[in-house]
Amino acid sequence: MPVGDRPSAVVRDDPVRVAGKFFRAGTEKLWLRGVTYGTFRPDADGSDYRPEAVHCDFRQMAECGIDVVRVYTVPPRWMLDCAAAHGLRLLVGLPWEQHLAFLDEPGRAAEIQQRVESEVRGIAGHPAVFAYAVGNEIPATIVRWHGAERIERWIETLYQAVKRIDPAALVTYVNYPSTEYLTLPFLDFVAFNVYLECPDRLSAYLARLQNLAGDRPLVLAEVGLDSQRNGLETQAASLGVQIERVFTAGCAGIFVYAWTDEWHRGGQDIEDWDFGLVTREREPKPALAAVQERFATIPFPPGIAWPRISVVVCTYNGARTLHDCLSGLAAVDYPDFEVLLIDDGSTDASAAIASEYEVTVISTPNRGLSAARTLGAERATGEIVAYIDDDARPDPDWLRYLAWTYLTTGHVAVGGPNIAPDGDGPLAFCVANAPGGPVHVLLTDEIAEHVPGCNLSVRRDRLLEIGGFDPRFRAAGDDVDVCWRIQDRGWTVGFAPGAMVWHHRRNSLRTYWKQQQGYGKAEALLEAKWPERYNAMGHISWAGRLYGNGWTRALGSRAGRIYHGTWGQAPFQALYDQNPPLLALLPLMPEWWLVIAALALMSLLGLAWTPLLLALPLLVLALAGPVAQAWISTRELQYPPETGRAERARLRTITAGLHLVQPIARLRGRLAHGLSPWRRRGLRGIGRPLPRAMSIWRDGWTAPDEWVREIQQSLASHGAIVHSGGDFDRWDLEMRGGLTGSARMLHTVEDHQYGQIGRFRIWPRMSVWATAVALALALIGAIAVSSGAWFVGVVLLIGAVGLACWMMVSAGAATAGFARAIQNIHGSKDP
């Protein structure tokens, strides 16, 4: 709404709620155009606020397009009434002795909590209260003194105390870069004080904060510049740029520090800096006009030549959610876009629903999701094609955030977050917090390795250049494949935090099971096409970090190490994640259930030979791992408001159960389509698993690394899975012959008068775990035979021999593959 159209006095009765990455009041999206206010010198009665000054200040704020004010002390009710009368809401700070080692003093923590509860009780439910801040910049030295986990628990204690008294209120904690490592997933939104005047550094840090915020709104609770040291014009220009960068980065709001130069702290007036938009005498500075101008045009500056976008919705019997998707698209705020609905052979009411909206419907026989998406790109008239699923609803500013990212970067594809909406039912809530959902994978804070197809956009010409989507992926996996093919061309995939869509999750166990089986099939198809991107167990080796809800935590994994700087003096203190050990990750894999099945078989054989009942405790431990991880992974669930204790326990139990169901369903899909641990990938053949040395003569001169590159390319062209050695390895190439065996190659080049001799050393490698299992089976089988349990002994010995043969065949195939590739490179055998 333009500033001139704003009412002079509005009582805000619509409660503010979190809506994904943004806020809403009633049906309207609420952008936080804010300033900070105070603290001021107390008057004779000890009050921080003077009614006449407050009334004049609030009136002037409203006239300038400001609608939210941050105060650092609890305001009296008359001040809240005054704010409501001027159409303002307040972010209320709850002050306490955070600069002290407050957890060390007996009784102080309890006294702080009681005081906070009393202050909230005095203003709870007032329509002018936007939110409460239960703290502001606990000093990094105090956090380091008490430890991050104790501080996190303390902030949650205050959060819960406020919620008990004012359940509908929003609650945050205002953090700052020196303690950005604090993990506070319970907060309703994330707030940071950030003073970075350099625009590029600010944008980079905002991208980092957005990833810390995840699916919650990010608010800049303080930004500003001192006009006393930097000058009035510099302050105005800097604030204008900062506001633009904050909102175009997908933030939900900003508080400019401060409304006035008048500031009182620590018993004295602060006069050696001037951060205000107005002077102490309330005379406007140039910064006020700059802020007013920017606030009138958020989230994007005017005059942008927005590119045409074609939105493609592919549906197959998606009538249940198609209304929600298309009505959301009808509400999108973007000047130049079209909607193409690809009806992929639906037999329900999808076509009839689409006829109610201004969309272009293209009906085809059922050919699968990839074919439908490619057809959409071919028929599109926009330079950008944006894909959204038929069970997703876009935010009104979805396309603007996507387009802005294209306009300001060189990305070929851009995606954004997909967030589960409230109100889909208890099971949908559990599914949204279970593993296996659509998540993005980021290489950096701004560059993605993968973005899900439910919120993916691509430059049309580039998408058609790579041939569109691969039709082999009929239901899933096509988005991963496209992202990888884009990156293989040297292009990049971007991530726009503000380009969010609401994505409905499955609301029944049957559909969740079917979905996860389908994802298992997609993994098998992807592994067949991209074997080099998978490890020996058949899992994607993501180079980036996965973001999203529902990921099961590895037992024994730690949050990471906190970088404090020497003596705790680093201005930016961050958490550096550490990868959990392999043993902690094993129970997370679908194949762990094959281990459980093997132990169960051993336990059954114990009925024939009692010593094998020793496998029963191992079976219990193997089952305990996933169960414990599932339960631990659900302890930080953010439940819907006013969820009772019994209902919370039920939801947590169901969610933990889904953590166990998901890998079983995924395993079934993987096995059914050939992605098994015992699969044979790469070169076929039989060879001796013995070390070999080979030499090749070549006329002329060739760079040493070119010899290796030729061998690598030759192997890859025949389907081999080849990995290059690292900077510290004494081998050049490694080729997998299977799960249990591989081979490595080392080379050197001798320079001679008329040419070169390339010397190669090849040696097989047997899997350590497979060797250990084979020896254990052989030993137990021999003991069983000697004890007279012939049936059990023979079964175990056959298993040991089979595993040993499997290892030798795998290693031998890899060794022979290297030998053939070396013989086939251009040259002749060493004379």
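Between helix 768-786 and the chain there is an angle of about 50 degrees, using the helix long axis and the longest principal axis of the Cα atoms. Show which lysines lie in cross-link reach of Lys21 when reach means a straight Cα distance below 28 angstrom and same-chain residues fewer than eight apart are skipped. Lys21 reaches Lys29, Lys163.
Rounded to the nearest 0.05, what FRET efficiency do Ala543 and Arg121 give with R0 = 41 Å and r taken as the Cβ-Cβ distance? Could you check? With R0 = 41 Å, the Cβ-Cβ based efficiency is 0.20. Counting DSSP beta bridges with both partners in the chain, what percentage is antiparallel, nearest 5? Looking only at bridges with both residues in the chain, the antiparallel portion is about 55 percent.
What the Kirkwood sum gives for the stretch 31-121 is a hydrodynamic radius of 14.6 Å, with every pair of different alpha carbons counted.
Of Lys514, Lys21, the order by accessible heavy-atom surface (1.4 Å probe, DNA, RNA and ligands excluded), from most exposed downward, is Lys514, Lys21. A simple packing score, the average count of other Cβ atoms within 10 Å per residue, orders the peptides 671-677, 105-111, 358-364 as 671-677, 358-364, 105-111, with the highest score first. At the residue level, Met537 shows approximately 50 square angstrom of accessible surface with a 1.4 angstrom probe and all protein chains present.
The portion of the accessible surface of the stretch 696-793 made up by carbon and sulfur, rounded to a whole percent, is 59 (1.4 Å probe; DNA, RNA and ligands excluded). Its DSSP H runs of at least 4 residues, each contributing -39,500 (n - 2.57), put the calculated 222 nm mean residue ellipticity of the chain at -12500 deg cm²/dmol, to the nearest 500.
Does the stretch 241-394 come out rounded, prolate or oblate, given a ≥ b ≥ c as the square roots of the eigenvalues of its C-alpha gyration tensor, rounded meaning a/c under 1.5 and, failing that, prolate meaning a/b above b/c? Since a/c reaches 1.5 and a/b is larger than b/c, the shape of the stretch 241-394 is classed as prolate. A crude spin-label estimate for the pair Thr653 and Thr748, with each label 7 Å from Cα along the Cβ direction, gives 6.8 nm. The shape of the stretch 104-252 comes out prolate: with a ≥ b ≥ c from the C-alpha gyration tensor, a/c is at least 1.5 and a/b beats b/c. Accessible surface calculations at 1.4 Å, restricted to protein heavy atoms, place the chain at 44 Å² per residue. Sorted into 10 angstrom bins from 0, the C-alpha pair distances of the stretch 452-513 split as 17, 44, 28, 10, 0 percent. Note on Ala204 and Tyr357: with the Förster distance fixed at 45 Å, the Cβ-Cβ geometry gives a FRET efficiency of about 0.70. Computed about the Cα centre, the dipole magnitude for the stretch 43-176 is approximately 320 debye when only Lys and Arg (+1) and Asp and Glu (-1) carry charge, each at its Cβ. Extension gain for the segment Val620 to Leu775, taken as residue separation times 0.36 nm less the Cα-Cα distance, is 53.5 nm to one decimal. Against the criterion of solvent-accessible heavy-atom surface with a 1.4 angstrom probe, Trp678, Trp731 sort, most first, into Trp678, Trp731. Counting only lysines at least 8 places from Lys514 when in the same chain, those with an alpha carbon closer than 25 Å to its own are Lys529. Note on the stretch 485-633: Rg/Rh from Cα positions, Kirkwood definition for Rh, rounded to two decimals, is 1.06.
Taking each residue as 0.36 nm, the span from Arg759 to Glu636 lengthens on full extension beyond its C-alpha to C-alpha distance by 38.6 nm. Between Trp567 and Ile798, the contour length at 0.36 nm per residue exceeds the Cα-Cα span by 77.0 nm. Across the chain, C-alpha contacts under 8 Å between residues 6 or more apart give a mean separation that, scaled by the residue count, equals a relative contact order of 9 percent. Along the axis of the charge dipole computed for the stretch 233-373 (Cβ charges of +1 for Lys and Arg, -1 for Asp and Glu, origin at the Cα centre), the listed residues Leu329, Pro365, Thr297 are led at the positive end by Pro365. Taking all protein chains together and rolling a 1.4 Å probe, Val795 ends up with roughly 60 Å² accessible. Once R0 is set to 60 Å, what does the formula 1/(1 + (r/R0)^6) return for the Cβ-Cβ distance between Ala237 and Asn535, expressed as a FRET efficiency to the nearest 0.05? Calculated transfer efficiency: 0.70. Computed from label points 7 Å out along Cα-Cβ, the spacing between Glu97 and Asp705 is 6.3 nm. Within the full protein context, the accessible area of His55 is estimated at about 90 Å² for a probe radius of 1.4 Å. Placing unit charges on the Cβ atoms only, positive for Lys and Arg and negative for Asp and Glu, gives the chain a dipole magnitude near 3880 debye about its Cα centre. Normalised by 2.2 N^0.38 Å, where N is the number of residues, the alpha-carbon radius of gyration of the stretch 607-727 equals 1.91. Let me know the shape class of the stretch 342-429, please: from the alpha-carbon gyration tensor, a ≥ b ≥ c as square roots of the eigenvalues, rounded when a/c is under 1.5, otherwise prolate if a/b is greater than b/c, or oblate. Judged from the Cα gyration tensor, the stretch 342-429 comes out oblate (a/c at least 1.5, b/c at or above a/b). Lys and Arg at +1, Asp and Glu at -1: add these up for the other residues within a Cβ distance under 12 Å of Glu137 and post the number. Summing Lys and Arg as +1 and Asp and Glu as -1 gives -2. Set against the labelled values (i) 13, 39, 32, 13, 2, 0; (ii) 11, 32, 35, 18, 4, 0; (iii) 13, 35, 30, 15, 5, 1, 0, P(r) over Cα pairs in 20 Å bins from 0, in percent computed from this structure falls on (i).
Sorting Trp491, Trp542 by solvent-accessible area of protein heavy atoms yields Trp542, Trp491, largest first, with a 1.4 Å probe.
The values are calculated or read from the model by the stated rules, or taken from the named source; none is laboratory data. Treat the numbers as computed from the prediction; the structure is a model and nothing was measured. Cβ atoms come from the backbone with ideal geometry, glycine included; neighbour counts cover every protein chain shown. These accessible areas exclude ligands, DNA and RNA; they are computed on the full protein's heavy atoms, side chains included. Shrake-Rupley method; radii C 1.70, N 1.55, O 1.52, S 1.80 Å.
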